[in-house]
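I have placed the structure first, in the form of structure tokens, so that the comments after it can refer back to it.
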Amino acid sequence: MKRICLLVLSVFFIFPFTAHAQPVDISVNVQQAFSPQARLLMFEGQGYTVVDSSLQISQGTYRFTLPSGFQKGMYRVDVGKNIKLNLVVGDETSIDVNTVVFAPEDSLRSAQSVENNTYWRFQRQKELHSQQGWLIRSLMDYYPDSSTFRNNLQVELQRLNHELNRFAEKLIQTNQNLLVSSYIKLEQRPVTSDSKKNELTKLVATWWNSIDLHNPLIKNSPALRDRVWAYMENFFNDDFYKEEQDLEFIRGTYALLALPMDIEVKRTIRDILINGFVDSDYQDVYEYLQSTAFDGLDPLKKYEPKEKLKRTVRAKVGEKALDFLIEPLQGKSINLSKIKADYKLVLFWSSWCPHCIDAMPRVLEIYNKYKDLGFEVIAVSLDDEPISWERYVNDLNINWINVRIPYSPDNDVYATYDVHETPRMFLLGKNLEIISKPSTIRQLEVRLRRTICR
């Protein structure tokens, strides 16, 4: 009998978050709201899933019920007309939400829920901090880095950051046993100095030591996703060319996933990174996340959640690029391999792509700077019609090699160079070996400076 009691107690303490959770009643009142129906959504994975709905009981009043064994975490009430209210569902069995239709987030109040009053207080303070920070950063843009006034603004920005952190810490200490404390910690941003940015051990400690990564409930908040990407931003460096940047992101990814943590939290973090990098130009990072075993997690060699994930990375750095016939706007037809230049940039773009239009003048500046040092640009337009393409080339007085190949996914050039977005760049050597695949103009410039001017 004693053994049975001990077993029951052990089960209770191992699974306190789901098996013994009591049903939760949620009452929402939005003054002056006329939406006939509202929905309750639960944060799960990378977004929200509908778990309940309610017709309007009286004007602006809706009620939901979460059954016993529900998943604790971040929820959202969607009342229609862009009224979305976030709330934390933890151990409280009754949650009331009150607000007004013309200022739903600013007016959030609860008579019973300490959890949510605490969360909303932090959100309002964070919003105020964001507005003040935006004003300071806007002023900083008007002053040079060395000016005294700009330095004073930087000090004021640091003061604001410390002030928000002190406010958050006070809320956490007052409500240590509430789920909301874990979520507020996730939303806090460390106040760090630039000198620590590239010191990996200090950076990881700064961003993650205050977070209980062994708590599986932190994965039930979008704040974990936001913190992961805010952490990864520390590894972006304007002085890196593309392939160096790949390695730096991998370095940050490895350091994060090597931390001791709950296995479901680790799986969630890996999924966050995979879903972020799959649509980016940083395919080496994506492949690393797919093919690497992390402590407790096997590689995802067959991971294909979307059709777009089935796309195979082609034209890799170190490989030889496809040689193809170029029929330029001016001059005779010539093969890419016959162009006499030590370094060739194959640039895929279109006149209807706003990012391309922004990039072209900057590429032109780089071209004029390096063209006498053995650098050539082959700009391949995807335009179907020649008129807008020719007009843009002539108006900008672009004197590199211009060619138009109407886009088709079956075209060998676009298929082999894996052109799925524009602009897309490939820096080639004299023998068409791929030297770099810049994602930004800055990365192109860094690679050229390191290669041509060494």
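Find the residue count for the stretch 71-104, including only residues that are more than 17 Å from PHE43 (Cβ to Cβ) and within 26 Å of the chain's Cα centre (by Cα).
Here is the first cut: in the stretch 71-104, the ones more than 17 Å from PHE43 (Cβ to Cβ) are 79-83, 91-94, 96, 98-104.
Filter once more, keeping what is within 26 Å of the chain's Cα centre (by Cα): 82-83.
Number satisfying all stated conditions: 2.
Annotation: GLN125 fulfils all but one of (1) part of a strand (DSSP E or B); (2) in contact (Cβ under 8 Å) with a residue 40 or more places away in the chain; the unmet one is (1). So is SER351 polar (S, T, N, Q), within 22 Å of VAL413 (Cα to Cα) and outside any loop (DSSP other than H, G, I, E, B) or not? The answer is no for SER351.
Kindly indicate whether any position in the stretch 88-107 is of a type in the set (Phe, Trp, Tyr) and either in contact (Cβ under 8 Å) with a residue 60 or more places away in the chain or surrounded by fewer than 16 Cβ atoms within 10 Å (Cβ to Cβ) (or both).
Yes, the stretch 88-107 contains at least one residue that is of a type in the set (Phe, Trp, Tyr) and either in contact (Cβ under 8 Å) with a residue 60 or more places away in the chain or surrounded by fewer than 16 Cβ atoms within 10 Å (Cβ to Cβ) (or both).
Within the stretch 135-155, the set of residues being in a helix (DSSP H, G or I) and either farther than 20 Å from PRO190 by Cβ or at pLDDT 95 or above (or both) comprises LEU135, SER138, LEU139, MET140, THR148, PHE149, ARG150, ASN151, ASN152, LEU153. The selection criterion, being free of Cβ contacts under 8 Å to residues at least 40 places away in the same chain, of a type outside the set (D, E, K, R) and either assigned by TED's automatic domain parsing to the domain that holds GLY45 or within 23 Å of VAL89 (Cα to Cα) (or both), holds for SER210.
The condition of being among the hydroxyl-bearing types (Ser, Thr, Tyr), surrounded by 12 or more Cβ atoms within 10 Å (Cβ to Cβ) and without any contact (Cβ under 8 Å) to a residue 24 or more places away in the chain holds for only one of SER53, SER27, SER58, that being SER53.
Which one is nearest to SER333 (Cα to Cα), of the residues in the stretch 428-447 that are touching a helix residue (DSSP H, G or I) at 6+ places or on another chain (Cβ under 6 Å) and of a type in the set (A, V, I, L, M, F, W, C)? So that I can check it myself, show each step before the final result.
Residues of the stretch 428-447 that are touching a helix residue (DSSP H, G or I) at 6+ places or on another chain (Cβ under 6 Å), as a first pass: 432, 436-439, 441, 443, 445.
Cutting the leftovers down to of a type in the set (A, V, I, L, M, F, W, C) gives us 432, 441.
Values: LEU432: 18, ILE441: 28 Å.
Applying the filter and picking the extreme gives LEU432.
Name the single residue that is surrounded by the most Cβ atoms within 10 Å (Cβ to Cβ) among those in the stretch 426-451 being touching an Asp or Glu at 6+ places or on another chain (Cβ under 8 Å) and either among the aliphatic types (A, V, I, L, M) or on the phi > 0 side of the Ramachandran plot (or both). Steps first, answer last, please.
Taking the stretch 426-451 as the starting set, the residues that turn out to be touching an Asp or Glu at 6+ places or on another chain (Cβ under 8 Å) are 429-430, 432-434, 436-437, 439, 442, 446.
Cutting the leftovers down to either among the aliphatic types (A, V, I, L, M) or on the phi > 0 side of the Ramachandran plot (or both) gives us 432, 434, 446.
Working: LEU432: 18, ILE434: 18, VAL446: 21.
Of everything passing the filter in the stretch 426-451, VAL446 is surrounded by the most Cβ atoms within 10 Å (Cβ to Cβ).
Evaluate the stretch 347-357: report whether one residue or more is in the same structural domain as ASN397 (by TED's automatic domain parsing), modelled with pLDDT of 95 or more and surrounded by 15 or more Cβ atoms within 10 Å (Cβ to Cβ). Among the residues of the stretch 347-357, at least one is in the same structural domain as ASN397 (by TED's automatic domain parsing), modelled with pLDDT of 95 or more and surrounded by 15 or more Cβ atoms within 10 Å (Cβ to Cβ), which makes the answer yes.
Find the helices (runs of 4 or more DSSP H) located wholly in the stretch 231-334 whose residues include 3 or more that are modelled with pLDDT under 95 and either more than 30 Å from ARG450 (Cα to Cα) or assigned by TED's automatic domain parsing to the domain that holds LEU382 (or both), and list them. It would help to see each step written out before you state the result.
Working: elements: 242-257, 263-277, 283-291.
Of the helices (runs of 4 or more DSSP H) lying wholly inside the stretch 231-334, none has at least 3 residues that are modelled with pLDDT under 95 and either more than 30 Å from ARG450 (Cα to Cα) or assigned by TED's automatic domain parsing to the domain that holds LEU382 (or both).
Tallying residues that are assigned to a loop (DSSP other than H, G, I, E, B), small (Gly, Ala, Ser) and more than 30 Å from GLY276 (Cα to Cα) within the stretch 46-102 yields 3.
Note on the stretch 358-416: among residues that are touching a residue at least 40 places away in the same chain (Cβ under 8 Å) and acidic (Asp, Glu), the one that is surrounded by the fewest Cβ atoms within 10 Å (Cβ to Cβ) is ASP412.
Could you list, in sequence order, all residues of the stretch 156-202 that are modelled with pLDDT of 90 or more and of a type in the set (A, V, I, L, M)? I'd like the intermediate steps shown before the answer.
Here is the first cut: in the stretch 156-202, the residues modelled with pLDDT of 90 or more are 156-188.
Matches in the stretch 156-202: LEU157, LEU160, LEU164, ALA168, LEU171, ILE172, LEU178, LEU179, VAL180, ILE184, LEU186.
The values are calculated or read from the model by the stated rules, or taken from the named source; none is laboratory data. All of these numbers come straight from a predicted model, not from anything done at the bench. Glycine gets a Cβ as well: all are built from the backbone with ideal geometry, and neighbour counts include every protein chain shown.
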